[in-house]
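Trainee: Have a look at this one before I ask anything.
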Amino acid sequence: MHIGCPKEIKPQEFRVGMTPNAAREAVAHGHTVTIEAGAGVGAGFTDADYTDAGAKLAETAAEVFATADMIVKVKEPQAVERKMLREGQILFTYLHLAPDPEQTKDLLASGATCIAYETVTDDRGGLPLLAPMSEVAGRLAPQVGAWTLQKANGGRGVLMGGVPGVGPARVVVIGGGVVGTHAAKIAAGMGADVTVLDRSLPRLRYLDDVFGGQFKTSYASAGNTVELAAEADMIIGAVLIPGAAAPKLISRAQLANLKPGAALVDVAIDQGGCFETSRATTHQDPIYDVDGIMHYCVANMPGAVARTSTIALGNATMPFMLALADKGWRQACADDPHLLNGLNVHAGQLTYYAVGKALGIDVLAPSLALKN
């Protein structure tokens, strides 16, 4: 199979879809790999690193899209990239379709087979291709939140760990999954007073057992959320419904109950955001003010640490990429129901229920798509 990896063109996105190691593995499996020149520079990989691994270089993204049987990326294809997709081509990347009707429409029109990293599952009920970026984003969230809290940025002017005689920042993390756990660990490590909210009692028990003493836990009832949010200096939104739009957990009206200058860090912004007032921002212009509350809603947070993120993502995606290339998407998905769960679009039809529900589009069962 011919595998292509274009340079990411989303603003301030420095990651790359394939590492040189992934390219080397694919070539060793007998596949052809084409990388757009300069694609890896933002993550610290030179063109020579790829050619040494056996990959070919293309001068333009158009050449990559025109020649490859499978496109491997990081972020969802931008409008200009979607126009280059063709019928029968495989797209393997993050998609986040539920809050993005325009992208969904274009992918359906392309006729391509689109497999989303964020909905591939594993036998433990996890999301193995989302997890590494969730870990990175979770660890970044307190860091960028602490910056947002600085007075020069419009924040409350509160130091995360406080100082002797002055209490630490109060941080509320909504969601106790991968993002929330890593966010809580880092925030607590910075000296903050941290509380994690979740609706799963087994998850809260697990967090208490493993991290007891580092941070507190609380059940995420509406009342508890409102009460704790009103006391918080920073609120980190870390909720996830796989493939679906994120629920809105804090309304605009509730902003009036928050401390002036409090920081909202919305890690769920890729899925539409979990605060009503959230809108996607970039690393170049990451924060904005709504009613005196500072919002940090960068839609590709892990891109800020592109080398770490690229290597972590490449480690996770490589086995699935090789399976798709070695077997073709139909056989690979037939052999692995977890990979089949990643199928979102095929031949002009939507194949992921949560996206169809969010966008009001009829869905074809993935098992039926295998036969088309």
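The values are calculated or read from the model by the stated rules, or taken from the named source; none is laboratory data. What you are looking at is a predicted structure, and each value in this text was computed from that prediction instead of being measured. Ideal geometry is used to build each Cβ from the backbone, glycine not excepted, and the neighbour counts take in all protein chains shown. Please note that ligands, DNA and RNA were not included when accessible areas were found on the heavy atoms of the full protein model with its side chains. Shrake-Rupley method; radii C 1.70, N 1.55, O 1.52, S 1.80 Å.
Trainee: Could you check the simple spin-label distance between residue 87 and residue 347, using points 7 Å along Cα→Cβ, in nm with one decimal?
Mentor: Using points 7 Å along Cα→Cβ, the separation is 1.1 nm.
Trainee: Take the Cα pairs of the stretch 1-76, get the Kirkwood Rh, then feed it into Stokes-Einstein at 37 °C and 0.692 mPa s and tell me D in µm²/s.
Mentor: In µm²/s, the coefficient is 277.
Trainee: Right, something else. Provide the solvent-accessible area of residue 227, counting protein heavy atoms only and rolling a 1.4 Å probe, rounded to the nearest 10 Å².
Mentor: The accessible area of residue 227 comes to roughly 110 Å².
Trainee: Sticking with this structure for a sec: Going toward the positive end of the dipole of the stretch 131-210, with +1 on Lys and Arg Cβ and -1 on Asp and Glu Cβ, which of 162, 152, 141 do you reach last?
Mentor: Of 162, 152, 141, it is 152.
Trainee: Still on this structure: Which entry in (1) -0.32, -0.41; (2) -0.51, -0.62; (3) -0.45, -0.55 matches log10 I(q)/I(0) by the Debye sum over Cα atoms at q = 0.07, 0.08 Å⁻¹ derived from the coordinates of this structure?
Mentor: Only one option fits the structure, namely (1).
Trainee: Name the residues whose placed amide hydrogens come within less than 5 Å of the amide hydrogen of residue 38, ignoring near sequence neighbours (fewer than 5 apart) on the same chain.
Mentor: 47
Trainee: Using the C-alpha atoms of the stretch 1-139, what convex hull volume per residue, in cubic angstrom, is computed?
Mentor: Cα-based convex hull of the stretch 1-139, divided per residue, equals 125 Å³.
Trainee: With only Lys, Arg, Asp and Glu charged, each at its Cβ (+1 for the first two, -1 for the last two), find how big the charge dipole of the chain is about the Cα centre; round to the nearest 20 debye.
Mentor: That gives a dipole near 480 debye.
Trainee: Then there's this: Among 329, 275, 350, whose Cα lies farthest out toward the positive end of the dipole of the stretch 266-372, if unit charges sit on the beta carbon of Lys, Arg (+1) and Asp, Glu (-1)?
Mentor: Of the listed residues, the answer is 329.
Trainee: Leaving ligands and nucleic acids out of the surface, order 90, 311 by accessible area at 1.4 Å, largest first.
Mentor: 311, 90
Trainee: Nearest 10 degrees is fine. How inclined is helix 101-110 to the longest principal axis of the chain, computing both from alpha carbons?
Mentor: The answer is roughly 10 degrees.
Trainee: Whenever you get a sec, compute what percent of the accessible area on the chain sits on carbon and sulfur atoms (1.4 Å probe).
Mentor: Reported share for carbon and sulfur atoms: 53 percent.
Trainee: Continuing with the same structure: Sorted by accessible area with a 1.4 angstrom probe, largest first, how do 80, 72 fall?
Mentor: I get 80, 72, largest accessible area first.
Trainee: Starting from the alpha-carbon convex hull of the stretch 221-372, give the projected area averaged over all orientations, in nm².
Mentor: With the hull built on Cα positions only, its mean projection is 11.4 nm².
Trainee: Put +1 on the Cβ of every Lys and Arg and -1 on every Asp and Glu Cβ in the chain; which of 214, 287, 121 then has its Cα farthest towards the positive end of the dipole?
Mentor: Working it through, the farthest residue towards the positive pole turns out to be 214.
Trainee: Okay, moving on. What order do 45, 14 take when sorted by accessible area (1.4 Å probe), most exposed first?
Mentor: Solvent-accessible surface, decreasing: 14, 45.
Trainee: Report the trypsin sites (Lys or Arg not before Pro) located in the stretch 105-211 that are in a DSSP loop and have at most 15 other Cβ atoms inside 10 Å of their Cβ, or state none.
Mentor: Filter output for the stretch 105-211: 124, 199.
Trainee: Quick one: accessible area per residue over the stretch 265-307, 1.4 Å probe, rounded to a whole number of Å²?
Mentor: 34 Å²
Trainee: Using alpha carbons only, how many degrees (0 to 90, rounded to 10) separate the axis of helix 201-211 from the longest principal axis of the chain?
Mentor: 80 degrees
Trainee: Rounded to the nearest 10 degrees, what's the angle between the helix 306-327 long axis and the longest principal axis of the chain, both from Cα atoms, 0 to 90?
Mentor: Computed tilt is about 40 degrees.
Trainee: I've got another one for you. Against the globular-protein guess of 2.2 N^0.38 Å, express the Cα radius of gyration of the stretch 308-351 as a ratio, rounded to two decimals.
Mentor: 1.28
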